[in-house]
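Here's the structure, in structure tokens; my notes come after.
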């Protein structure tokens, strides 16, 4: 069983152009699909509504349905969660839909940088998960990248601050272990 935490799609651009548009999180979708193919018969769950204030008329889950169908995903083994607005809701609402049973093995697919927060939420919600990280931004021997790549380094630092602030906020509010 595999849970893909939303991301991967630009739903506003999809609505404007009528064709799926991906963002840097698309590798989550690919990894979830690959895991589903590796474990035939396993359920693939994609969780993604809209993080936009006030919501969006088209969820990431609906985009995922179209893209995964084009990739060959069996729709009978696909479950979509389209209400969530953040990582906590991704995991909470998905758990309510799939009702995981004791002893089931669930893979949690999300960006490597996002994995600590997602796993802390799953633990708090008492849903045992096995991390299946994607979207790696560094390698084991990368040594921090190009010192002079200032724009890229600032972008990476923004992502790090976002994730650690999110994890601290979720722990402070009791939404993460």
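The values are calculated or read from the model by the stated rules, or taken from the named source; none is laboratory data. This one's a predicted model, so the numbers in the text were calculated from it and none came from an experiment. Heads up, the Cβs are rebuilt from the backbone with ideal geometry, glycines too, and the neighbour counts pull from every protein chain shown.
Structure above, values below:
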quantity	calculated
Every residue from the range 73-99 that is in contact with a helix residue (DSSP H, G or I) (Cβ under 8 Å, 6 or more places away or on another chain) and outside any helix (DSSP H, G or I)	73, 78, 79, 80, 81, 82, 83, 84
Condition check for residue 57: closer than 25 Å to residue 136 by Cβ, assigned to a loop (DSSP other than H, G, I, E, B) and at pLDDT below 75	no
Positions within the range 124-158 being modelled with pLDDT under 85, within 21 Å of residue 108 (Cβ to Cβ) and surrounded by 15 or more Cβ atoms within 10 Å (Cβ to Cβ), in sequence order	135, 137
Residues being in contact with a strand residue (DSSP E or B) (Cβ under 9 Å, 6 or more places away or on another chain), under 13 Å from residue 29 (Cα atoms) and touching a residue at least 12 places away in the same chain (Cβ under 8 Å) - total across the range 63-78	7
